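Engineer: There's a structure below that I have some questions on.
The values are calculated or read from the model by the stated rules, or taken from the named source; none is laboratory data. Please read all numbers here as calculations on a predicted model, not as lab measurements. FYI the Cβ positions are ideal-geometry reconstructions off the backbone, even for glycines, and counts take in every protein chain you see. Heads up: the accessible areas ignore ligands, DNA and RNA and are worked out on the full protein's heavy atoms, side chains in. Shrake-Rupley method; radii C 1.70, N 1.55, O 1.52, S 1.80 Å.
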Amino acid sequence: MIIVNGQNQEISLPMDLVTYLQENYPLDKIAIELNGQIVPKAKYAQTILNPNDKLEIVTFVGGG
């Protein structure tokens, strides 16, 4: 289980961050914080999610 934006989420762990994100979010329109640290997009594939990790995912929305 990980915590995503304050909600518990059951996923198969360990899993790399990019795999999780590709299944759930548009990669070009998000910013990620993992356990209080910003994760650069270049590090998504090398970042491994583990039990009880806390993800905060911000989705950018265009508008005017």
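Engineer: Quick one: Asn52 ticks every box in (1) on the phi > 0 side of the Ramachandran plot; (2) assigned to a helix (DSSP H, G or I) bar one, so which box is it?
Structural biologist: Tallying (1) on the phi > 0 side of the Ramachandran plot; (2) assigned to a helix (DSSP H, G or I), Asn52 fails exactly one: (2).
Engineer: Let me ask something else about it. Spot the failing condition for Glu10; the list is (1) surrounded by 12 or more Cβ atoms within 10 Å (Cβ to Cβ); (2) more than 12 Å from the chain's Cα centre (by Cα), and only one is missed.
Structural biologist: (1)
Engineer: What are the pairs, 6+ residues apart or on separate chains, where a residue within the range 9-28 that is closer than 14 Å to Tyr44 by Cα has its Cβ under 6 Å from a residue that is part of a helix (DSSP H, G or I) and open to solvent by 40 Å² or more (accessible area, probe 1.4 Å)?
Structural biologist: Leu21/Leu27
Engineer: Just name the residue that is modelled with the lowest pLDDT out of those in the range 32-64 that are among the small types (Gly, Ala, Ser) and more than 16 Å from Ile3 (Cα to Cα).
Structural biologist: Once the filter is applied, the top-ranked residue is Gly64.
Engineer: Let me ask something additional. Is there a residue being assigned to a strand (DSSP E or B) and either of a type in the set (Phe, Trp, Tyr) or in contact with a Ser or Thr (Cβ under 6 Å, 6 or more places away or on another chain) (or both) anywhere in the range 5-22?
Structural biologist: Within the range 5-22, not a single residue is assigned to a strand (DSSP E or B) and either of a type in the set (Phe, Trp, Tyr) or in contact with a Ser or Thr (Cβ under 6 Å, 6 or more places away or on another chain) (or both).
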